[in-house]
Amino acid sequence: MQAKDRSASTGSGLGGAARHALRTFTLLLVLLLVASIGLVIGTGSDEAEPSATELALAEGSAAAQALADTAATLEEASASADAGPYGALSEMLHLHAAALRPPGETTAAPSPIFSAAEPTAPASPATAGPPAPADFLADLEDSYTAAFEAATIADPGPARVLASAATAQWLYSRTLAPAGDAAVPAIPVPEVRYDDGAPDCAAGTTLEPAPGMDGVRTAVLAEQRASYAYEVAAARAADPRQLLKRMAEHRAAETGGAAVLAYHCVAEPLPAAGYELAEEFGSDPDGALRKLEEQLVGTYADLVGMSAPGPVRDWAIRQLAEAVHYVSGLPAAGPGSAAFPAFPGIDPSEYPRLMEPAASLGSWTHAISSSRSPWPGRC
């Protein structure tokens, strides 16, 4: 009887083993589910979302790569006399694609600039041909406009490269526009004005440790020096009208920079009675003025790279584009002089290090040394 009672209370040996196996299986299943959920959660938390800067770089790189391929196609389809601009532009755009490529990427990521367009049916071999120049110019405009916009919000270093590349692409579009029956594009960067809303600053305000303000003061000093140099050159010239016009433009830029400083309660550097000029200014004033203008380009490119997103950087981007536009219209310093670089305001020796650490830039040495990239004339 006792044996029977024990059997009734515990069940048969087979039934107990089955229940034990079922409980074990259920426990293992729960553990596997928990482990799999933790794995998914852990994977998602470890993989950071790309930043706005990384997205902008990926889009700019993809846009430049697609445009480089299209420009190469247009070069092949053009007559030999007209092939130069597209060939040089293709080389420059390849450099842009490499410099803007985010670290760790070996190929350019898809860009919304191009993926937004409706896909077209492939042309038949009998009707296949190069893209229309007008379509190419429209894509080029999309590229440099997006790069200018991205430069206003990106991290300082990438912002400098984005603004420089955008300026180069914009100038090329101005040269190609007449051939493509398109309007010559203006600078797609609005002017920054401080006409209203300036804060009340304490009397005797001096330089404060505000981001980018030291760079603005440097730019204002450079504009003061430039206007003085043009004033001296105009006094020695037989026809000083163009020199006086450029002097007035530098003074206007100086006024704009002073307004930026005043808005941030930073004292404007007082202009000096005179500035030291380069030794060659007496023998070659045109060459000396050209070097001075090129130095201004570097000053504004550096200011883009040292300022935080905001009005200061916006002003620097606008001044960079205007300065490069002027330099692009100056005659070359002489036979054999270096062509204007693909990244205005950035020394060619920096090209392999523009976006460090980016492994893809290690192969730039040959590309830089063989790139012709002549700059377009001013339109």
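The values are calculated or read from the model by the stated rules, or taken from the named source; none is laboratory data. What you see is a predicted model; the values in this text were computed from it and never measured. Note that we place each Cβ from the backbone using ideal geometry, even for glycine, and neighbour counts take in every protein chain shown.
On the given criteria, is Ser283 assigned by TED's automatic domain parsing to the domain that holds Gly257, of a type in the set (Ser, Thr, Tyr) and more than 21 Å from Val189 (Cβ to Cβ)? Spelling it out, Ser283 is indeed assigned by TED's automatic domain parsing to the domain that holds Gly257, of a type in the set (Ser, Thr, Tyr) and more than 21 Å from Val189 (Cβ to Cβ). With respect to being polar (S, T, N, Q), modelled with pLDDT of 70 or more and under 18 Å from Asp139 (Cβ atoms), Ser115 falls outside the description. No other residue among Ala138, Ala63, Ala134, Ala56 is more than 20 Å from the chain's Cα centre (by Cα), among the hydrophobic types (A, V, I, L, M, F, W, C), surrounded by 12 or more Cβ atoms within 10 Å (Cβ to Cβ) and modelled with pLDDT of 55 or more apart from Ala134.
Listed here are the residues, each with its yes/no results for (1) modelled with pLDDT of 90 or more; (2) closer than 21 Å to Ala226 by Cβ.
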position: Leu277; (1), (2): no, yes
position: Tyr300; (1), (2): yes, yes
position: Asp314; (1), (2): yes, no
position: Ala333; (1), (2): no, yes
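Applying the set (1) out of contact with any helix residue (DSSP H, G or I) (no Cβ under 9 Å at 6 or more places or on another chain); (2) buried (at least 16 other Cβ atoms within 10 Å of the Cβ) to Ala238 leaves exactly one unmet item: (2). Using beta carbons and a limit of 6 Å, which pairs, at least six apart or on different chains, have the first residue in region 168-191 and under 16 Å from Ala146 (Cβ atoms) and the second one among the hydrophobic types (A, V, I, L, M, F, W, C) and assigned to a loop (DSSP other than H, G, I, E, B)? Hits for this filter: Ala168/Ala342. Sub-6 Å Cβ pairs linking a first residue in region 57-78 that is assigned by TED's automatic domain parsing to the domain that holds Ala99 and over 17 Å from Asp135 (Cβ atoms) to a second residue that is of a type outside the set (Val, Ile, Thr) and surrounded by fewer than 20 Cβ atoms within 10 Å (Cβ to Cβ), at least 6 apart or interchain, are Ala58/Ala109; Ala62/Ala109; Ala62/Pro110, ordered by first then second residue. Of everything listed in (1) at pLDDT 90 or above; (2) assigned to a loop (DSSP other than H, G, I, E, B), the single unmet condition for Ala108 is (1). Does Ala35 count as at pLDDT 50 or above and either among the charged types (D, E, K, R) or assigned to a helix (DSSP H, G or I) (or both)? For Ala35, the condition - at pLDDT 50 or above and either among the charged types (D, E, K, R) or assigned to a helix (DSSP H, G or I) (or both) - is not met.
Among the candidates Glu293, Glu268, the residue that is at pLDDT 65 or above, closer than 30 Å to Glu149 by Cα and assigned to a loop (DSSP other than H, G, I, E, B) is uniquely Glu268.
Considering only residues in region 222-235 that are hydrophobic (A, V, I, L, M, F, W, C) and over 15 Å from Ala323 (Cα atoms), the one that is surrounded by the fewest Cβ atoms within 10 Å (Cβ to Cβ) turns out to be Ala235. Screening the candidates Val324, Val312, Val260, Val297 for the property of being in the same structural domain as Val220 (by TED's automatic domain parsing), more than 19 Å from Val161 (Cβ to Cβ) and buried (at least 21 other Cβ atoms within 10 Å of the Cβ) yields one hit, Val260.
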